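Undergrad: Shown below is the structure under consideration.
The numbers here are math on the coordinates, done by the rules we state, and not lab data. This structure is a prediction, so every number in the text was calculated from the model and none was measured. In this analysis, Cβ positions are derived from the backbone assuming ideal geometry, glycine residues included, and neighbour counts consider all displayed protein chains.
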Amino acid sequence: MKKLMILVMTMSLVACSDDPKETPAKAVTQAAAQPDILSYIPADTPLLLVSGINPDQYPDRYQEVMQSNMDGAVKYLEVFMKQAMKTAEKKQAELAEALAETLESEGMPEDVESITIDSTDQNEMATKAMSFLDKWLIQDKFNKVGLKVGETQIAVYMVDLFPVVRIKLSAGNQMEAMLTEAQQEFDLPMTMTEVSGIKVREIAAEKITVLLATDGEYLTISGAPAVIKDQLINQLIGAEKPATTLANDRSLMDQVKQAHGYTNDDLMVVDFQTLADHFINPAKHNSALVNFLQIEDNMLSAVCKAEITALIGHAPRMVAGNKQLTNDTIHGTFVWEMDAALAADMATLAGRIPHGNADAAFAFGMSFDLMGAKDVAVKYANDLVASPYACEHLAPLNQQAAEMQAKLSQPIPPFVGNFKGFNLSLDELKLNLENANLANPDPNEMIESLKTQIFLAVDETEALMGMAQMMVPQLQGMELKTDGSLITLADKVPMISGKDVPFDISHLYAAISADTIGLSLGHEGGGELSEKVQDSGKQALIAMSASAEGYRQLMEQVFAMADMPNMPQSVKEELQMQKELTLSMLYWTHQDVSMGFSDQGFETDFVIKY
């Protein structure tokens, strides 16, 4: 199984490199001829992930960029395998050492030769694995096995409740030849059968049988409990298709696209409500998996069925897709759908992320409204105490609600409730590598340039500053204006004035508005600090952004620390590995990500410029 996992992880890696993307020009309409891959997918599948099934929806430049980014995927695989080999060698050496110590402690002669032979066998196996991967995956950037952007189609779905991964491979693929060679070279424990002209490899793993099926253009991966595998194999590998499929009933896909404004057929759907209903009301579904698990319809009372169903119904489904896909922009969302009342309540958890530097190498902001969170918790605790669950399985929630009521009666300190969020940007980092690489580097000479800004969102800055002056005597007597005007701190803050700090503080500024405090380091003139503290920012839980040019420069400085003489070897190796992985995957020029609650639920919104 460990040998087989190499192949499985490789497939997952390539699938991730071709995430759901989308073109804005395509309307939410049903095409006349549906992709063949949809004819294998049940129309009511509770799990769906499709990518690349309509490649004509991709802009030409998108396909070119993603295909060229396969270099990054290849590099990722190479680094992963090298790291795995190093780890295996290290463990083998530790095992040999431990065995030798055991033999010596027990007064037995050391069989050093056998230990060496085992180590040699491990090294030979690792070398053979690298050679195999180089031949089939690395040399042709996965093209040889049929994984190519614009041609490969991927679908993940469920038959009954068993997950199926179906991949339509590109023309001329040699997937079958690769699997055959892998089976022979590595003596993989596979049983070969043929079902309706489809070659099936079965791998027994504990009580589960994993299925790998190939029929020329498709690779299908699935599995089922060994005792019921035979009754499901035809459906799992696609020898028997469902009566109603997404090819003749696109209701699921079209409803998701319409509800969220998605513009192509690359989608993800996880229907928690439907999945749960198989176990809540098993008699309605006649599921092979549920029957195998011996879950009967009378295991839950009618009141439990109703209450559990209603509970899950508040947040029943997770979806993802793209709102826009052009020659330079990818805009998509992940949404955990919630009913309107729950979404509105959860929205009050977000405080305010103040405005930051949109062009920063990397920026990260977070907010949380503690007062709002307390109000929501009080509301739901009170509701549950007033109307407790009747289902015995939910009784612990009733007790927890009563305990929460008591805890929530305690007041929140004003200082804590005043804070709403922050935004930190790292704009530039330049190390003095010549000094850093000395045998005994001077920490005060290591940082050549550091540019960063931080913004704090509060309800009332004057109250916060007053408290800060009370807590820090050195701040007393300082005039801190709250009109947004720029304050030079280098010669005004007693705590740092004249102190030996490891970076230049000649450009250290502050600006304070009625509800935002901003600090800027390294930016001459404050980097528009006064204007930024006047901006209200956004209501979200988390916001992140990155500029590829600045991010690359920043990471190169970090990775350069691997050359420092006193750096531990393990850290050097980790930095080198991360450098190869990080810098090889920078196909984008700018990214923006925000997470928060909308009227549709918990939403992660991302915009990628490439």
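Undergrad: What's the magnitude of the charge dipole for the range 130-181 around its Cα centre, counting Lys and Arg as +1 and Asp and Glu as -1 at the beta-carbon? Answer in Debye, nearest 20.
TA: So the magnitude is around 140 debye.
Undergrad: Next up: For S598, which sequence-distant residues (separation of 5 or more, or a different chain) have an amide H within less than 5 Å of its own amide H, given hydrogens modelled in the peptide plane?
TA: Hits under the 5 Å cutoff: E603.
Undergrad: Through the Karplus equation 6.51 cos²θ - 1.76 cosθ + 1.60, θ set to phi - 60°, convert the phi angles of the range 171-187 into ³J(HN,Hα) values in whole Hz; use x for Gly and Pro.
TA: 4, x, 5, 10, 4, 4, 5, 5, 5, 4, 5, 4, 5, 7, 5, 10, 6
Undergrad: So for the range 237-343, Kirkwood radius off the Cα pairs, Stokes-Einstein at 4 °C and 1.567 mPa s: how many µm² s⁻¹?
TA: Using the Kirkwood radius from Cα pairs, D works out to 79 µm²/s.
Undergrad: Which whole-Hz couplings ³J(HN,Hα) result when phi for each residue of the range 282-294 is put into the Karplus expression 6.51 cos²θ - 1.76 cosθ + 1.60, θ = phi - 60°, listed in order with x for Gly and Pro?
TA: Result, ordered by residue: x, 5, 6, 10, 6, 7, 5, 5, 5, 5, 4, 7, 6 Hz.
Undergrad: Hey, could you get me the Stokes-Einstein D for the range 299-357, Kirkwood radius over alpha-carbon pairs, 37 °C and 0.692 mPa s, rounded to whole µm² s⁻¹? Don't skip to the end; give the middle numbers.
TA: Details: Rh = 15.0 Å.
D = 219 µm²/s.
Undergrad: Now, a different point. Return a whole-number percent for the relative contact order of the range 295-442, with Cα pairs under 8 Å and 6 or more residues apart as the contact set.
TA: 25 percent
Undergrad: Please name which of L521, I228, A390 has its Cα lying farthest along the dipole of the chain towards the positive end, using unit charges on Cβ (Lys, Arg +1; Asp, Glu -1) and the Cα centre as origin.
TA: A390
Undergrad: Here's a follow-up. Using 7 Å Cα-to-Cβ label points, what is the D56/M192 separation (nm, one decimal)?
TA: About 3.9 nm separates the two model spin labels.
Undergrad: Each residue of the range 240-254 in order: what ³J(HN,Hα) in whole Hz does its phi give by Karplus 6.51 cos²θ - 1.76 cosθ + 1.60, θ = phi - 60°, with x for Gly and Pro?
TA: Result, ordered by residue: 10, 8, x, 5, 10, 10, 5, 6, 10, 8, 8, 3, 4, 5, 5 Hz.
Undergrad: Could you tell me which residue out of N444, H285, T604 lies farthest along the dipole of the chain toward its positive end? Charges go on the beta carbon: Lys and Arg +1, Asp and Glu -1, centred on the Cα centre.
TA: The Cα lying farthest towards the positive end belongs to H285.
Undergrad: Same structure again: For the range 413-454, which semi-axes, largest first and in whole Å, follow from the square roots of 5 times the eigenvalues of its Cα gyration tensor?
TA: After diagonalising the Cα gyration tensor, the semi-axes are 36, 13, 6 Å.
Undergrad: So what is the orientation-averaged projected area of the range 325-471, using the convex hull of its C-alpha atoms, in nm²?
TA: 17.1 nm²
Undergrad: Oh, and also: Per q in 0.12, 0.27 Å⁻¹, report the Debye log10 I(q)/I(0) for the range 161-221, using one uniform scatterer on each alpha carbon and no solvent.
TA: Rounded to two decimals, the profile gives -0.30, -1.30.
Undergrad: Moving to a separate point now. Based only on Cα atoms, what Rg/Rh ratio does the range 510-610 have, Rh being taken as Kirkwood's radius?
TA: My calculation of the ratio gives 1.08.
Undergrad: Suppose we take every Cα in the chain and form the convex hull; what volume per residue is that in Å³?
TA: Working: hull volume 143.6 nm³, N = 610.
Considering the Cα atoms of the chain, their hull volume per residue is 235 Å³.
Undergrad: Calculate, in whole percent, how much of the Cα-Cα pair population of the range 175-263 lies beyond 21 Å.
TA: 46 percent
Undergrad: Once you've got the Cα coordinates, tell me which of K451/K532; K82/K168; K86/K141; K374/K532 are over 26 Å apart.
TA: Over 26 Å Cα-Cα: K82/K168; K374/K532.
Undergrad: Counting Lys and Arg as +1 and Asp and Glu as -1, each charge on the Cβ, what is the dipole of the chain about the Cα centre in debye, to the nearest 20? Please list the in-between numbers first.
TA: Details: 44 positive and 85 negative charges, 240 e Å.
It comes to approximately 1160 debye.
Undergrad: A further question on this structure: With loop defined by DSSP as not H, G, I, E or B, and exposure as at most 11 other Cβ atoms within 10 Å, which is the longest segment of the chain clear of exposed trypsin sites (Lys or Arg not before Pro)?
TA: Longest stretch, sites excluded: 208-498.
Undergrad: Same structure again: How big is the charge dipole of the range 135-254 about its Cα centre, in debye rounded to the nearest 20, if each Lys and Arg gets +1 on its Cβ and each Asp and Glu gets -1 on its Cβ?
TA: 260 debye
Undergrad: Now for a different question. Counting Lys and Arg as +1 and Asp and Glu as -1, what is the net charge of the other residues whose Cβ lies under 15 Å from the Cβ of V378?
TA: Details: positive: K374, K379, K407; negative: D345, D369, D375, D383, E403.
Here the count lands on -2.
Undergrad: For the range 373-451 and the range 52-107, compute the distance between their C-alpha centroids and round to whole Å.
TA: 35 Å
Undergrad: I'd like the distance between the alpha-carbon centres of the range 197-217 and the range 562-610, rounded to an integer number of Å.
TA: Between the Cα centre of the range 197-217 and that of the range 562-610, the gap is 36 Å.
Undergrad: Name the long-range amide H neighbours of K148: under 5 Å, sequence gap of 5 or more, or other chain; modelled H, no Pro or chain starts.
TA: Here S170 satisfy the definition.
Undergrad: So what is Rg over Rh here for the range 514-554, counting just Cα atoms and using Kirkwood for Rh?
TA: For the range 514-554, the value is 1.03.
Undergrad: Any idea what the relative contact order of the chain is, in percent, if you count C-alpha pairs under 8 Å spaced at least 6 apart?
TA: Numbers: 1138 pairs, mean separation 92.2, N = 610.
Relative contact order comes out at 15 percent.
Undergrad: What relative contact order, as a whole-number percentage, does the range 157-296 give when Cα pairs under 8 Å and 6 or more residues apart are counted?
TA: Relative CO of the range 157-296 lands at 20 percent.
Undergrad: Taking the Cα atoms only, what angle lies between the long axis of helix 548-559 and the longest principal axis of the chain, rounded to 10 degrees?
TA: For helix 548-559, the angle is close to 90 degrees.
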